[in-house]
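Below is one structure, written out as structure tokens; comments come after it.
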Amino acid sequence: MQTRPRIFVTHSIPASAREALAAESDLQVRAEDTAIKPEALAAVCADEKIEGLLVIGGRVTEEVVRRGKDLRVVSSASVGYDHIDVAACTARGIPVATAAGTLEETTADLAFALILAAARRIVEADRFVRAGGWKQWEWELLWGADVHGKTLGLVGFGNIGQAVARRAAGFSMRILYTSRHRKADAEGLTGAHWVSLDELLRESDFVSLHVPLTRETERLIGSRELSLMKPTAFLINTARGRVVDEAALIAALKERRLAGAGLDVFEREPAVPGELLAMNHVVLLPHVGSATTETRTRMALRAADNLLALLDGRRAANVVNPEVFNR
Ligand code: NAP
């Protein structure tokens, strides 16, 4: 009888994904509701001779790959993979799969929610009511900015950027985007225009970030870029915190060189700088872009499917280092 692969899941997962994995593997699921520390993950991989790793939270560092001598597949329940040392996996011939295709619409919903919340001061208004501040009718109460008819600049025009563009079309927005390659088909569907990053920053009323975190995009938005934006513009970040120079953003917001920001991601999560916590013109979220019941379940199932397929020598969707199959 063939032995079943040993799988470790770094975080509890929905029952459907757990059952799918348990049916075909020798499964261990970590019960704690926190991100596992790399040293602990390396120890589990080494001690338990783990072959398949399903990553939900936590980082797969070089140490994890080095000490996990039996590792054959890494599958992440996310679309970003900056938490995985892909080069170390590739050097060992380990395919790394993501859950791309399961969470983009949900993340786009959240980006749009941040646009609306920042522009219309939704969170600030809620705090005002709860604090008993609403005592009389006031003509000038909590004026915000219109969203409809404004210019939206999308930095990154892949799955999420395009999904945000589809929503913006319903708000009659003018849509600009920047990416390495022009996307003629998506332009046709959304009416978006391809421009340089600088032009996008100068022209947009809302700048929304949708690039992956890579060496090229780290601190893509720094003080120079922020200085190109209109003082009436908002910055929305649902990509990764390190795409923005957080200190430069704080300075721009403090000096009102920007109207506001909507942030789901931060440079050193879960640390959120005190200066941001003190600002009313910033909406702050704890990295919940894909956090809906439906989507988190879909993400876990996709990651489980990818893991089982790859352990079984079958191809899977969204392997970020397909070169491992040509060795
Ligand atoms: P995607 O489909 O791969 O699209 C990425 C886009 O970024 C592409 O248009 C790509 O352009 C562009 N890009 C890459 N490098 C660039 C560079 N150096 N300069 C300019 N453009 C560049 O990814 P996605 O599914 O839209 O996701 C984007 C990111 O969102 C993920 O990587 C992840 O970090 C983040 N995310 C966050 C959450 C959350 O919970 N907040 C949830 C999901 C995803 P080309 O196609 O021209 O190369």
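Summary of values
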quantity	calculated
Residue within the range 233-246 that is assigned by TED's automatic domain parsing to the domain that holds Ala259, open to solvent by 50 Å² or more (accessible area, probe 1.4 Å), more than 16 Å from the chain's Cα centre (by Cα) and of a type outside the set (S, T, N, Q) present	no
Complete set of residues in the range 215-246 that are among the acidic types (Asp, Glu) and in a loop (DSSP other than H, G, I, E, B)	Glu216, Glu218, Asp245
One residue from Gly188, Gly149 being free of Cβ contacts under 8 Å to residues at least 40 places away in the same chain, in a helix (DSSP H, G or I), more than 9 Å from the ligand (Cβ to nearest atom) and farther than 25 Å from Val265 by Cα	Gly188
For Thr292: the one exception among (1) closer than 30 Å to Ala99 by Cα; (2) touching a strand residue (DSSP E or B) at 6+ places or on another chain (Cβ under 9 Å)	(2)
The lone exception for Pro212 - which of (1) surrounded by 13 or more Cβ atoms within 10 Å (Cβ to Cβ); (2) more than 15 Å from the ligand (Cβ to nearest atom); (3) of a type outside the set (Phe, Trp, Tyr); (4) in a loop (DSSP other than H, G, I, E, B) it fails	(2)
Candidates Ala42, Ala17, filtered to the one that is open to solvent by less than 10 Å² (accessible area, probe 1.4 Å) and within 24 Å of the chain's Cα centre (by Cα)	Ala17
Contacts under 6 angstrom Cβ, first residue in the range 157-169 being assigned by TED's automatic domain parsing to the domain that holds Val195, partner surrounded by fewer than 24 Cβ atoms within 10 Å (Cβ to Cβ) and among the acidic types (Asp, Glu), 6 or more apart	Asn159/Glu104; Ile160/Glu104; Ala163/Glu104; Ala163/Glu105
Complete set of residues in the range 104-146 that are touching a helix residue (DSSP H, G or I) at 6+ places or on another chain (Cβ under 6 Å) and either of a type in the set (D, E, K, R) or part of a loop (DSSP other than H, G, I, E, B) (or both)	Glu104, Glu105, Leu142, Gly144, Ala145
Residue in the range 172-180 that is assigned to a loop (DSSP other than H, G, I, E, B), exposed (fewer than 13 other Cβ atoms within 10 Å of the Cβ), of a type outside the set (Gly, Ala, Ser) and within 10 Å of the ligand (Cβ to nearest atom) present	yes
Long-range neighbours under 7 Å by Cβ, at least six apart or interchain, first residue surrounded by 13 or more Cβ atoms within 10 Å (Cβ to Cβ) within the range 252-274, second among the basic types (Lys, Arg)	Val265/Arg240; Glu267/Arg242
Test: residue in the range 279-287 that is open to solvent by 30 Å² or more (accessible area, probe 1.4 Å), in a helix (DSSP H, G or I) and more than 16 Å from the ligand (Cβ to nearest atom)	no
Subset of the range 48-72 [touching a Lys or Arg at 6+ places or on another chain (Cβ under 7 Å) and either surrounded by fewer than 22 Cβ atoms within 10 Å (Cβ to Cβ) or among the charged types (D, E, K, R) (or both)]	Glu48, Lys49, Glu51, Asp70
Set Ala100, Ala108, Ala87: member being surrounded by fewer than 24 Cβ atoms within 10 Å (Cβ to Cβ) and in contact (Cβ under 8 Å) with a residue 40 or more places away in the chain	Ala100
Sole exception among (1) open to solvent by 30 Å² or more (accessible area, probe 1.4 Å); (2) within 9 Å of the ligand (Cβ to nearest atom); (3) touching a His at 6+ places or on another chain (Cβ under 7 Å) for Gly156, by number	(1)
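The values are calculated or read from the model by the stated rules, or taken from the named source; none is laboratory data. Here the structure is a predicted model, which is why all the values come from computation and not from measurement. Methodologically, a virtual Cβ is constructed for each residue, glycine included, from the backbone with ideal geometry; neighbour enumeration extends over all protein chains shown. Please note that ligands, DNA and RNA were not included when accessible areas were found on the heavy atoms of the full protein model with its side chains. Shrake-Rupley method; radii C 1.70, N 1.55, O 1.52, S 1.80 Å.
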